[in-house]
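The values are calculated or read from the model by the stated rules, or taken from the named source; none is laboratory data. Computed from a predicted structure; not experimentally measured. Cβ placement follows ideal geometry from the backbone for every residue including glycine, while neighbour counts extend to all protein chains displayed. Remember, those area values only see protein heavy atoms, side chains included, never the ligands or the DNA or RNA. Shrake-Rupley method; radii C 1.70, N 1.55, O 1.52, S 1.80 Å.
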Amino acid sequence: AFLYKEARYINDNKLEEWLSLFTEDCIYWVPCNEDDIDPETHVSIIYDDRTRLEERVWRLQTGLAYGQQPRSKTRHLITNVEVMEEKEEGINVTSNFLLTELRRGIQTVYAGRNEHHLRIEENDFKISLKKVELINNNEYLGNLSFIL
């Protein structure tokens, strides 16, 4: 249910609500070329901490993300949800996704796997890590200025 709520916030452009799902020490990561690289020593498509994630949301909301004029319409389909590890402080969950984006009359489909590290804070889950493994992360991707 938490993953579905996150997808709904993105699809409905409720980016403040989406940002509220993340911890203060969060990482939002989209690897490039391989899924299991070290993001500190290799190029990533996106590797944001909380501050950069807040800046990304701010740009999208203020219209300063020119690559999102007009804004993309998206739909996320989440499937194959598995709890991979349970810890006292939370759980690690993987899921597959299919994301359809429509912008300027062009529909693009992205597929991949999400890894969420969910920590319990204030009696609810918060995302401490979101890793988006696109199956085509070593191919030309075009404009990824929307939220995956």
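Residue count for the range 41-55 under the criterion of being open to solvent by less than 70 Å² (accessible area, probe 1.4 Å) and either in contact (Cβ under 8 Å) with a residue 60 or more places away in the chain or polar (S, T, N, Q) (or both): the result is 3. Here the condition is being part of a strand (DSSP E or B), in contact (Cβ under 8 Å) with a residue 12 or more places away in the chain and out of contact with any helix residue (DSSP H, G or I) (no Cβ under 9 Å at 6 or more places or on another chain); of Thr74, Thr100, it holds for Thr100 alone. If a residue has to be surrounded by fewer than 17 Cβ atoms within 10 Å (Cβ to Cβ) and over 19 Å from Phe97 (Cβ atoms) to count, how many in the range 18-40 make the cut? Residues meeting the conditions: 8.
Do you know which residues across the range 106-148 are out of contact with any strand residue (DSSP E or B) (no Cβ under 9 Å at 6 or more places or on another chain) and part of a strand (DSSP E or B)? Explain how you work it out, then say what you get.
Going through the range 106-148, the residues out of contact with any strand residue (DSSP E or B) (no Cβ under 9 Å at 6 or more places or on another chain) turn out to be 106, 122-124, 138-140, 145.
Ile106, Asp124, listed by residue number.
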